[in-house]
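Single-structure report; data block below.
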Amino acid sequence: MLDTRISRRAALLGAGAIAAWAASPARAMLQSATRLPVPAFIDPLIAQMTVAEKAGQLSLMAAAWGGSAAPSLNPASRGPNFEGQLEEVRKMQLTGVFNGNGAEMARRMQTAAMTQSRLKIPLIFAADIIHGHRTIFPIPLGEAASFDLDMMERTARMASYEAAACGIDWTFAPMVDIARDQRWGRTMEGAGEDVLLGELIAAARVRGFQGKDLKANDAMLACAKHFAAYGAAEAGLDYNTVDISERTLREVYLPPFRVAFDAGAITTMASFNELSGVPATGNEWLLRTLLRDEWGFEGFVVSDYTGDEEMIAHGFAADARDATKLAFLAGVDMSMQSGFYRQHLPDLVEAGEVPMARLDESVRKVLATKALLGLFDDPFRRIDVKREKARSRTRPALALARESGRKSIVLLKNDGALLPLPKSGRKIAIIGPFAAGPHDLNGGWVVYGDNKLAVDLATGIKAAVADPALVSITPGSGIEEAIPGGIEAAVAAAQGADIVLLSIGEGERMSGEAQSRTEIVVPAPQQALAEAVAATGKPVVVVLRNGRALALEGAVAKAPAILVTWFLGSESGHAIADILFGDFGPSARLPCSFPRRPGQQPYHYDHKPTGRPNPSDDKLEPYKARWREIPNSALYPFGHGLTYGDIAYSELSAPATLGWNGEIGVSALVTNKGSRTAEEVVQLYIRDRTASVTRPVRELKAYRTVRLAPGASERVTFKLTREQLLFIGRENKPTVEPGTFDVWIAPSAEAPGVHARFELQAS
Ligand code: BGC
């Protein structure tokens, strides 16, 4: 019965499946998909294994070692204590553990595997190294704002250097889910709303985590997650239903995965959500027809945490045995945390419901991956207590945290050139719940970092100014609750100062997994604080802490200067001070649009036109696609971000035609009319005016960062070819059609910039 249901679905979705995915420009720059070599010793080893031992190789559990952070980041885990887990290792019931704690734990477990188990197969140690290990870098959404691929590769590399030193072989990162709905809390873990940026960052992070040699003791295996379309949850509610067309799936949600695999990721994690009626974890079309048959993916698929078990609650699997069978046959090679595979696969094989060949196929992939990591040559290669200490929070790592921190800060607004601030002669009041204290610095997805070791705003500011005695600190409000007398104290502090740094926003537990919000605004008590402080008339710089785009309102939106500082990790305060006082100019851009109101969600700049577009943001016309209250554009769109320069775009140059097999150069003159050096992220967007499938109002196709001294100009040129104009057509295949295209070179997705049109010719 269930099988029929799956195959009917598979047939429906598979009908449009294609044999080859045409390369996007980003992909074209990368190598072809990574092979997973299977060394000669693997099959003879599999031949010696019992069915139970094979099922053990496909079972990954949370580490039981005391002090592990795993339980605080996931629903409470069942399972034995550490001694019990060692016993499971001896009996070969485990392939490895995740979110454990340190080299000593790994040493004891690996020793048990290598000396006391029957076949001495090395364990694999996994962890959620999302944005750093002990040195914490900005949350991925923050780093995405840097648009700096080299920097993101370097932070991932540094995270591997630190984490691999304590035995971690495999990170559950990068998360490459496109997030178009800012209510979804996990938007903080990804690269934002844009597909091209998502692709480029996916590749950079995979390269960074894996390095040049996966056997190296500073390299970790990457895991592109969550496959697939996890970010498209209805209403932005985490874990919720996803129901999207195959075209949108292929055009928006899948490309970053494909790029991650092409960059060398050989593991992926099945997502929690159902996809158009079939849970991803039991979705044979997704995990076999598309992933393996169409894309040629040779690596292995791990479930998410109890993802197989959750198919019972989805109403897709009848019980544990059924869930095991559905997940395994759909293509989930390894089960995380439910223990279902080791409990039920032996019986399913015995009953002939799961072919032994399929079991062997999954085991082969897992063992080949362990071999690729060098674990069969030296199971202890990443486990070294001395190295763990020596590589923890090194000077270069902290310097990189500071660099990545300041490069992730977006200057939304800077009326009257309020910023940068002078370092002396001004009394500064830092007001708000994030003004000081060892909290809410690292962000919500940190297993091993310690907020107590991170630099808060007050420390950063005091270290930068000439006279720290001129800096006052007043919380004014809690994060989600008022403090008695807080506002009065804050108003008094503001009145006694020359300038206010208003440090407000979301706490680190307000974004991340299971942290969806309906009202993506600054929490009410902090908004009240902002209103009261603004009423003093003192100049206010809003220093926003946030894990998603927020709808800014009232005194926050009206403040003359606004900095988006996300969660910047270990060097937060120093990084913010670097920008505030102008030691470095801001250069980051929004990877997610800041809406005018929460009710605009899901909002993404690359939306489709309607048949009744509202012609101008200044005028709301009747019977047009707009809200009663506001135009449907962003307050600050994707790509927006100011510098301390004054940048002007002019003189677009583009040929009128692009030949079918040709290439054109599109360029604009970018000038810094200001008095300070600026790093400008110059962006190229296109629009296909008429196509057999409607196309977005704008799509990012390329960007480049240029550094401009005061008064300097640079002609920035982008090459355009037919491949960049591809879209997923009627048959769900990559298509490109001759016709008219708009092209813009602009400072953001919704800024006019400079514009031209060209024709793609048929031949
Ligand atoms: C998350 C994954 C994570 C896993 C293990 C799950 O709840 O969805 O992203 O890798 O837990 O911690």
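Here are the numbers for the structure shown:
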item: Tail weight of P(r) past 19 Å, computed on alpha-carbon pairs of the range 647-760, percent; result: 46 percent
item: For the range 310-319, Karplus couplings with θ = phi - 60° (6.51, -1.76, 1.60), whole Hz, Gly/Pro x; result: 5, 5, 6, 5, 4, x, 10, 10, 6, 7
item: Efficiency of FRET from Cβ geometry, Trp627 and Met356, R₀ 41 Å, rounded to 0.05; result: 0.10
item: Potential extension, Glu651-Lys719 segment - 0.36 nm per residue separation minus Cα distance; result: 22.8 nm
item: Under-5 Å amide H pairs with Phe172, H placed in peptide plane, nonlocal only; result: Ala127, Asp128, Ile129
item: Rounded if a/c under 1.5, otherwise prolate or oblate - the range 369-412, Cα gyration tensor axes; result: oblate
item: Relative frequency of Cα-Cα separations exceeding 40 Å in the chain, percent; result: 34 percent
item: P(r) tail fraction, the range 574-713 - alpha-carbon pairs more than 23 Å apart, %; result: 52 percent
item: Under the Debye formula (equal points on every Cα, no solvent term), log10 I(q)/I(0) of the range 59-389 at q = 0.08, 0.15 Å⁻¹; result: -0.33, -1.28
item: From phi via Karplus (6.51, -1.76, 1.60), per-residue ³J(HN,Hα) for the range 742-752 in Hz, x at Gly/Pro; result: 7, 9, 10, 10, 8, x, 6, 5, 10, 7, x
item: Ranked Lys701, Lys427, criterion: other C-beta atoms within 10 Å, fewest first; result: Lys427, Lys701
item: Peptides 265-272, 487-494 ordered by average Cβ neighbours within 10 Å, highest first; result: 265-272, 487-494
item: Expected-Rg normalisation [2.2 N^0.38 Å, Cα atoms] applied to the range 403-600; result: 0.93
item: Nonlocal amide H pairs with Val682, under 5 Å, H built at 1.01 Å; result: Arg704, Thr705, Val706
item: Burial ordering of Arg676, Arg689, fewest other beta-carbon atoms within 10 Å first; result: Arg689, Arg676
item: Rg and Dmax of the range 193-307, Cα atoms only, in Å; result: 14.0, 43
item: Distant-in-sequence amide H partners of Asn273 (H built 1.01 Å from N, under 5 Å); result: Ala280
item: Degrees separating the helix 340-350 axis from the principal Cα axis of the chain, which is the longest one; result: 40 degrees
item: Residues Glu481, Glu629, sorted so that the one with the fewest Cβ neighbours within 10 Å comes first; result: Glu629, Glu481
item: Stokes-Einstein D in µm²/s, Kirkwood radius over Cα pairs - the range 535-599 at 25 °C with 0.890 mPa s viscosity; result: 185 µm²/s
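Just so you know, all these numbers are worked out from the coordinates, no wet-lab data involved. Everything numeric here is computed off the predicted structure, so don't read it as measured data. Glycine gets a Cβ as well: all are built from the backbone with ideal geometry, and neighbour counts include every protein chain shown.
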